[in-house]
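S.K.: Mind having a look at this structure? Questions to follow.
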Amino acid sequence: MEMNIETEAHVVVGIGVSDDGVGAFGRVLDELGTLPRLSIVCVHNFNQVSPSKWLEDLVARSSLNIAVPQNESPLEPGLVYVCPPNQRVQIRGGSVLIEPLPEEDGESSVFDTFLHSLAEDQGKFAVGIELSGKGTLSKIGLQSILAHGGMAFTRDSVSGQLDSMQILSSE
């Protein structure tokens with residue numbers, strides 16, 4: 001069954017961004033940001049990019065409504081949520097849950113945990129996008145989204161374009 005994200009119920013797009021996906025995130029927002037039925041939730045893990053500077057630049061260049069969610073913030077259509085760094089982020093009951101990141105959690109675990117919770121909470125209304133350029137940081141989380149009927153994409157490390165991961169649903 002195909003989903004029309006312009007007319008269907010509230011769709012939540014979860015995006016995992018690392019250093020090499022910063023530029024791609026802006027392009028994705030340019031494309032998706034005009035769709036009023038979307039909530040976009042960004043979880044980032046930067047080593048070389050300053051999260052506060054990135055957020056300032058994002059707010060300055062975008063016409064979208066950008067918010068930094070607090071724990072238990074309800075997701076609202078038409079908003080872009082940029083989650084605070086170094087936190088475990090999950091989606092439960094249509095809200096963003098934020099808690100300190102356990103020391104043993106690595107970069108891929110942050111993205112996978114987030115996307116898996118998004119899949120369980122939103123089902124076919126979940127879209128997962130990995131913008132790390134590596135295509136491996138959130139493979140388990142993206143597969144979970146596909147298994148729950150949602151859509152998943154990664155950024156091709158060579159071309160920088162988004163590639164559909166629908167083929168993973170048959171693995």
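S.K.: How much area per residue is accessible in the range 43-89 when the probe is 1.4 Å and only protein heavy atoms are counted (Å²)?
M.R.: Working: 2680 Å² over 47 residues.
With all protein chains present, the range 43-89 gives 57 Å² per residue.
S.K.: Once you have the Cα-Cα distance between residue 50 and residue 124, take 0.36 nm times their residue separation minus that, and quote the gain in nm to one decimal. It would help to have the intermediate numbers written out before the result.
M.R.: Numbers: separation 74, 0.36 × 74 = 26.64 nm, distance 3.36 nm.
Computed gain between residue 50 and residue 124 is 23.3 nm.
S.K.: Subtracting the Cα-Cα distance from 0.36 nm times the residue separation, let me have the gained length for residue 92 to residue 37 in nm, one decimal. Before the final figure, lay out each step's value.
M.R.: Working: separation 55, 0.36 × 55 = 19.80 nm, distance 1.85 nm.
Extending this stretch completely gives an extra 17.9 nm.
S.K.: Then there's this: Can you pull the one-decimal nm distance between simple spin-label points at residue 76 and residue 62, each 7 Å off the Cα toward Cβ?
M.R.: Roughly 1.5 nm, to one decimal.
The values are calculated or read from the model by the stated rules, or taken from the named source; none is laboratory data. From a predicted model like this one, the values you see are computed outputs, not experimental measurements. As a convention, Cβ positions derive from the backbone with ideal geometry for all residues, glycine included, and neighbour counts pool all protein chains shown. Areas reflect the complete protein model, heavy atoms only, side chains present, ligands, DNA and RNA absent. Shrake-Rupley method; radii C 1.70, N 1.55, O 1.52, S 1.80 Å.
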